[in-house]
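Below: one structure, written as structure tokens.
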Amino acid sequence: MFKKVFIVMILVLLAGGGFVGWQAYQAIYQPNVVLEDNDSPYVYIATGDDFQKVSAQLYERKMILNRSSFEWVAEQKKYTGHVRPGRYKVEAGMTNSELVNLLRSGKQEPVKLVFHNVRTLPDLAGRIARQIEADSTKLVSAMLSTESAREYGFNEHSFRSMFIPNTYQLNWNTSAKQFLDRMAREFKVFWNEKRKMKARELNLQQSEVHTLASIVEEETSKREEAPRIAGVYVNRLRKGMPLQADPTLKWAIGDFTIKRLLDKDKEINSPYNTYKYRGLPPGPIRLADTRYIDAVLDYERHDYLYFCAREDFSGYTNFAKTYAQHLVNARRYQRALNQRKIYR
């Protein structure tokens, strides 16, 4: 009788153990990740998030079917105390084991960070903050810091030239400081020996090339004309003439919506008033596009000293070698503005 009872107990234990083993197997290897067609496959884990926040996010977004099994596997794999921030791409049908391994590895899906057509650093901070974890307040503080500018070899005006518009890959949990470090590296990569040599031939510092490029970019959206306009400004710099660049005056006023500048505007006392002060202004008036930087470096050699927007409002430009011819062009454009009742 005792022998039979012992055998039954052994069988029960084996069955129980088998059931527990089967449950463990299911928890580890059974698919547990689901994604609807309109769901984002990305999990964003912020710096400082603990495991409970990660688990709650996955469950609340209905990305996992069984939360308890996920948490059990995470505990067995010691992920609960080693959460790593970042942006992770999950796939439908992943097991708990695969999901935990991904999150624990820190292997992020990089963000394609894009910025173009930016004038000011606060504007840039806002755009960047929408794409990475760093918030705009910290980004603005770092970008407008005189100490930050000096750390990277710039001053408060020229610092804008360090940020080269482009598309970059970087981790979502990049901090403000890490973003600045990356931009400093990209600046050095962009300024290869070939570009440095062209800048030396122009007798301009790298940041000064950015400044001139920013003016040219504000002058025209027709990139084919950019080298010719750059050539006009190069000619003026070499002759010691004032640049008399309307975009720099708009920067000094703080209003780029102005269609027509007035004589009184030219009396504004600002280092960005290139009607009043000769040479380049202290820094770029926008984050210069790389194509306009190269347009300055590869400026067109010619004898033009003046240019004016065409009176047909096509966006193209009339160029002149003499002031007399420039006045003819300018008056035609002014008449066109008057006809359209554009007075400011």
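Only the coordinates and a few stated rules stand behind these numbers; no lab work does. Predicted model, so just to flag it, every value in this text is computed and none were measured. Ideal geometry is used to build each Cβ from the backbone, glycine not excepted, and the neighbour counts take in all protein chains shown.
Table for the structure above
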| read-out | value |
| --- | --- |
| Per-pair calculated FRET efficiency, R0 = 22 Å: Gln52 and Ser175 via Cβ, rounded to 0.05 | 0.40 |
| Charge dipole magnitude, Cβ of K and R +1, D and E -1 - the chain, Cα centre, debye nearest 20 | 700 |
| Cβ-defined net charge surrounding Thr274, 10 Å radius [Lys, Arg +1; Asp, Glu -1] | +3 |
| Cα centroid separation, region 120-165 to region 57-107 (Å) | 35 |
| Most mobile listed residue (Asn38, Asn273, Asn235) in the chain, GNM with C-alpha springs under 10 Å | Asn38 |
| Anisotropy class of region 223-344 from Cα gyration tensor, a/c 1.5 cut | rounded |
| Stretch gain in nm, segment Arg260-Arg119, where the contour uses 0.36 nm per residue and the Cα spacing is subtracted | 48.8 nm |
| Fully extended contour minus Cα-Cα distance, from Arg278 to Arg340, at 0.36 nm per residue | 19.0 nm |
| Calculated FRET value between Ser40 and Leu65, using beta carbons and R₀ = 25 Å, to 0.05 | 0.90 |
| Length released on extending from Arg301 to Asn155, taking residue separation times 0.36 nm less the Cα-Cα span | 49.4 nm |
| Efficiency of FRET between Glu201 and Glu91 - r from beta-carbon atoms, R0 56 angstrom, step 0.05 | 0.60 |
| Distance in nm between pseudo-label sites at Lys78 and Lys107 (7 Å out along the Cβ direction from Cα) | 2.0 |
| Axial C-alpha extent at least 30 Å, average Kyte-Doolittle at least -1.0 - helices from the chain (DSSP) | 2-29 |
| Overall form of region 24-105 per C-alpha gyration tensor (a/c, 1.5; a/b vs b/c) | oblate |
